[in-house]
1. Would you list the membrane-span-like helices of the chain, meaning whole DSSP H runs whose alpha-carbon atoms span at least 24 Å along their axis and whose mean Kyte-Doolittle value is at least 0.0?
2. With unit charges on the beta carbons (Lys and Arg positive, Asp and Glu negative) and the dipole taken about the Cα centre of segment 399-475, which residue among Ala417, Ser453, Val471 sits farthest to the positive side?
3. How much of the accessible area of the chain, probe 1.4 Å, is carbon plus sulfur, in whole percent?
4. To check you understand DSSP bridge types, tell me what percent of the beta bridges within the chain (both residues inside) are antiparallel, rounded to 5.
5. Heavy-atom accessible area per residue, segment 363-500, 1.4 Å probe: how many Å²?
6. Size of the dipole of the chain about the Cα centre, Lys and Arg at +1 and Asp and Glu at -1 on the beta carbon, nothing else charged, in debye to 20?
7. Scan segment 357-430 for trypsin sites (Lys or Arg not before Pro) in coil per DSSP, keeping those whose Cβ has at most 15 other Cβ atoms within 10 Å, and list them by number.
8. If I model a spin label at Lys380 and His72 as a point 7 Å from the Cα along the Cα→Cβ vector, what separation in nanometres do I get?
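The values are calculated or read from the model by the stated rules, or taken from the named source; none is laboratory data. Since this is a predicted model, take the numbers as computed values, not measurements. Cβ placement follows ideal geometry from the backbone for every residue including glycine, while neighbour counts extend to all protein chains displayed. Just the protein is used for accessible areas: all its heavy atoms, side chains included, with ligands, DNA and RNA removed. Shrake-Rupley method; radii C 1.70, N 1.55, O 1.52, S 1.80 Å.
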Amino acid sequence: MRSSPRSVAVRFILFLAWLAAVVSLPVPGSASAYSGRPKLIVVIVIDQFRGDYLERYRDQFGDAGFRLLLDHGAYFPNCNYNYANTHTAPGHATLFTGAYSNGHGIVANEYWDQKKKRMVTSVEDDDTKMVGVAGDKSGDKAGASPHNLLADTLGDELKLATQGKSRVFGVSLKDRAAVLPGGFAADAAYWIEPKSGAWITSTYYRNELPRWVQDFNSTRPAKYWDRDWKGAQGMLLRSTAHRKAKNGEDAGFYEVIGPTTFGNEYELEFARELIVYENVGRGPATDLLAISLSPNDILGHQVGPDSPEMQQMALDLDHQLADFFNFLGHQIGLADVWIALSADHGVSSLPDAVKKLHIPAANLGAAKLEAQINGALTAKFSPGHPTAYVKLDYPLAWLDQDAFAAAHVKEHDAEGAVGEAMKQAGLRDYYTKSQLAEGEVPDTALGRKYLNSYSPEGGWYVMGVPDFYTVGPSTGTDHASPYTYDTHVPLAFYGLPFQPGTYRTSAEPADLAPTLASLLGINAPTHSVGRVLTEALSPPHRGTNSGTNSGEGQP
Ligand SMILES: [Zn+2]
């Protein structure tokens, strides 16, 4: 039986009315265009938090922390970065742009600056100054901004869609993890001055710290010194007593409090103050707060993922998140909040622990490796004149273009020679920047990961392919490989539009921004390549192709 065009039209109008009712579509001319959206989206990024941790500790978590998302939200246990450069800066950029390095341009935490002849950070910006750095250091230090981003972010699109009414904030102990998530239009990004622990920002955002930040800095950091962090059965894990650093100076806040559970507490305390004093989640449009919790990474490099300290940090964080979610409930109401959880990268097990199981692994000692590579290049291009041709940021090598120019070697040949020297020194393989720029990679899963890692920024470079469980530092452990232990991270969402359940379909961190953008009815970030995770959406939001990818939802 065929419907008449008229009844089709009537049904279509009824459908639109129903859709408008369930998702509160913007009504032209109405001031409440965003009334169906949440008041606040909080994205929690745990720095160096592997995807398997949530499964490992699930039985030991309480009901209101991680399990708010695991039991009452949409949880994707098979979420992997589809690129090779699993570092903090690219990871945060990916989560908020929905793109990889070949879209957002952030290829590493630090780049070789050919003009300055030194490494610069991915957010360092000479056109800005630090704000809030005390003493004589103030004013002469370059500030930070997202100027290296080649794509916009979820926060930027939220700002565009609301003509600036949405407010966007980024918070982290690390500058890059506060700046990149916020994007270009963020109201503020706050991170800490490593020595004092004071929260600072840059003139990119504002010329002085708000009163509430100044007050926080004058009283709170002191509370975090001289504490004992205890684990199971009262075992002392770490103390935050004042101590000397390796160089003989007093060790700073980042070094002492950073690798303890108190670092997470400190960040969440600051986030609560920000929400209260900036009235976050109480404005006319949806606000976005990105909180990147750094302590897991600072500690994880030292002790590895299987240590009692890392276990305790995860269990403590579970309590800290429960308190924070409870605060959001009182302050804003959880029905008006969406929460997303992920990580910027995972980490390798400690190579010594891997070797005990007869699995190949190594702590290479990158300084030795760098010397070896420069030695091979010297023998080839300037025998008898030892030259630093590369700066190794294992497994990536930055090339000093001037050194190669002096030897009359052009980019293509220079990168090829560096790659061969890296292979001789023990790396499994390599991809040069010129090769990636031309898209000349094998049509394999690994080849595509390196293609996604390419950025036109950063001068000449070569990406070495490391052996698995083979890390750069001579002690401890690291990330930065294309392997699952570095690419596997959690992805989970809590909020009304999400259908609670565990979805074992493949997901990527790049899916976070486009999924949230779609639910908000706004454009995805400019270079987004992620997929909208339709299988995890509650029925009113299901699109025509829902179900094609359905996981094992547990309604
Ligand atoms: Zn790290």
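1. Counting only whole DSSP H runs, the qualifying helices are 5-23.
2. Highest projection toward the positive end goes to Val471.
3. 53 percent
4. Counting DSSP beta bridges with both partners in the chain, the antiparallel share is about 60 percent.
5. Per-residue accessible area for segment 363-500 comes out at 41 Å².
6. It comes to approximately 880 debye.
7. Lys410, Arg428
8. Result: 5.9 nm between the two label points.
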